[in-house]
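Presented below is the structure to which this report refers.
The values are calculated or read from the model by the stated rules, or taken from the named source; none is laboratory data. Since we're looking at a predicted model, the values are computed, not measured. Virtual Cβ from ideal backbone geometry, glycine too; neighbours counted across all protein chains shown. When the accessible area is computed, the model is the full protein with side chains, heavy atoms only, and any ligands, DNA or RNA have been set aside. Shrake-Rupley method; radii C 1.70, N 1.55, O 1.52, S 1.80 Å.
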Amino acid sequence: MNDILNRNIRTLASKDIELSERLKTIHDDSIELIEAKTGDIVPCVNSEDGKKIFVHSRVDPVREAERFVAEIDPSGKDLIIVLGFGFGYHCEILMKKVSPEVNVIVIEKDKALLKKVFESRDLEKIIKPDNFYLLADPSESYLADIFRGKPSRNVLFITHRGSTQLSPGYYQNIISIIKSYISTKDVNIATLARFEKTWGSNTSRNIGVISRSCGVNLFFNQFSGIPAIVAAAGPSLTISLDFIKSNAGKALIIAVDTSYKLLVDNGIIPHFCISVDPQLINARYYEGIGKTDTILVSDPTVHPSIFRYFKGRISVTGIAFDMMKWIDDICGEKGELTHGGSVSTNAYDFAKRSGASPVVIVGQDLSFTSGLAHAKGSYLDEQIHNRTYRFNNAQMYNRRQLASLPAVYLKGVRGDKVRTNQKMMIFQNWFEKRNDADLINATYNGVFINGVKNIPHDKLKFDYPEADLWKKIDELYSKFSDGTDSGRIIMLKTKIDDMLVEIERLIPVLEKASGYASELSGMIDSGKDKTDPGKMSFILKKLTETDRFIESMKNSKGLISFSIQRVIHTITEGYELESNKEGNAAERSLFLYRGLLEGALFNRKILGKMRLML
């Protein structure tokens, strides 16, 4: 190992020991090194189509890099993603231009090329800074780990043409993966902002149902070798109704709440119906349907009205949030379902956990089939017509749905391109990541899902023996005894009372801490932090005492943390604060303490409600 390689490997090892060890094992002599007119080293590499490509200028690679970076404006960015490292000339210039607060992530596909540059150039100035990350052909999971916790509200993509022309398809795919991840993170922040308090409030009002209902795990691994048909509510579901009906005696029929009414109206009684959305409108999906044999598989955070409208047996999943696991600890494990942002992902996961095989999904268009957003006759489709009038007809509504996000055209299950958008592509990506050879996407029309069998139902041979599935379901359900255990109720009340006592003690402490944090922020803004260090020291001491006090709250701190996840994500992911003041640690501290106070007040309210429900 030469001296240059040794130094570079040591520098890299201080930040990424795994990559430094991988580079040591690479031996590849296919890359030709050329000396540029300036004396700098330039690699010549064979591209995917066999052409010899010079990754940098053969005349003056440094001057070329300077011209390239001169056109890049990193101001206002908090994350820069560079596609292609090559021999790093452009990265060296870029790192001089970028602020230390801005993270720079460089992705290089060719590990042999990296080994050559590590042998040929001193890279310490590039790779040593804390804000620089070098990734070599990273997996999707590794990319997610790298991006987690890093600000990404203002992202700049830089494509180094000399490097990316070696494998253009690879880098285009990397861009798609990163944009999908950032979009998902944005959706998560928006979801937390919209629903975090709703989840807590609904759970508190559902505590009675949770305590006395059977868990979804009652049905896990009970239907081995039996197929399942999952009915999502995409536009093509109406075409698949006859397929579902003809196989209702051979397969578990699993509806989602949005498709449930359409199935029932067409004479199909699903064995199970999955409901996870916390909004009131989702309760209306069951309105007027009447008594049913279907078993509702419900998330604990759904709107309480669901349990009034649904006239059948109920099964609940466990609490998905670690901060509220104390409910499961007292009421017993209910079993969990994987969340993927869409109820159809929960329905698929339930089918898998039931042991069913294969899992056949229909109505999973993930596209605007025939210009529609939902299946005709589904509850959401009916609501469109209920809200239409002369100047706001169904066609105009669907047109707005189509225009809400930029159109993306992808391969369809029938070969033609279909229209979708970035939001639906998140769910497509979720299913593709399952890489489940036992999943059959039998949706009649819609997006092609990689990694699974895409066979529209009219081309799917579905030949399984009849099975008395209702009898099996009834036998399983009868094993569960109604949860009216008075001891369980007493334990829940005791836990709630303990948390209320802590929260009452915590609220005045957080009120003072918010005042201190506000004062601290004001001092920094006005420059008084430098002229009155004694006051600064006093405030910081008080905030430290507050932090220790919060940590001592053994019963309630988890519940409060659950209700301020949006605040936590806003801070850790670098999103804009409500005040739009950036770079002020005190401002973030104020945002956090105010969030904690708001969470404590909110939880005092919902715990009181929970106590009342019991």
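Below, the figures for the structure above:
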| read-out | value |
| --- | --- |
| Members of the stretch 295-322 found to be farther than 14 Å from Ile207 by Cα, among the charged types (D, E, K, R) and in contact (Cβ under 8 Å) with a residue 40 or more places away in the chain, listed by number | Arg313, Asp322 |
| Selection status of Arg505, under 20 Å from Val216 (Cβ atoms), in a helix (DSSP H, G or I) and out of contact with any Pro (no Cβ under 7 Å at 6 or more places or on another chain) | no |
| Filter pass, Glu48 being farther than 25 Å from Phe132 by Cβ, open to solvent by 10 Å² or more (accessible area, probe 1.4 Å) and among the acidic types (Asp, Glu) | yes |
| Candidates Val302, Val256, Val297, Val276, filtered to the one that is among the β-branched types (Val, Ile, Thr) and open to solvent by 10 Å² or more (accessible area, probe 1.4 Å) | Val276 |
| One residue from Ser224, Ser236 being modelled with pLDDT under 95, buried (at least 23 other Cβ atoms within 10 Å of the Cβ) and more than 25 Å from Ile319 (Cα to Cα) | Ser236 |
| Residue in the stretch 495-510 that is modelled with pLDDT of 85 or more and farther than 30 Å from Leu614 by Cβ present | no |
| Odd one out for Ser246 among (1) within 21 Å of Pro358 (Cα to Cα); (2) open to solvent by less than 30 Å² (accessible area, probe 1.4 Å); (3) polar (S, T, N, Q) | (2) |
| Residue selected from the stretch 279-294 under the condition among the charged types (D, E, K, R) and free of Cβ contacts under 8 Å to residues at least 40 places away in the same chain, by the criterion least open to solvent (accessible area, probe 1.4 Å) | Glu287 |
| Test: residue in the stretch 131-149 that is surrounded by fewer than 22 Cβ atoms within 10 Å (Cβ to Cβ), at negative phi and over 31 Å from the mean Cα position of the chain (by Cα) | no |
| Flag for Phe427 being assigned to a helix (DSSP H, G or I), touching a helix residue (DSSP H, G or I) at 6+ places or on another chain (Cβ under 8 Å) and modelled with pLDDT of 90 or more | no |
| Checking Asp474 against (1) acidic (Asp, Glu); (2) over 17 Å from Ile330 (Cβ atoms); (3) in contact (Cβ under 8 Å) with a residue 12 or more places away in the chain, the condition it does not meet | (3) |
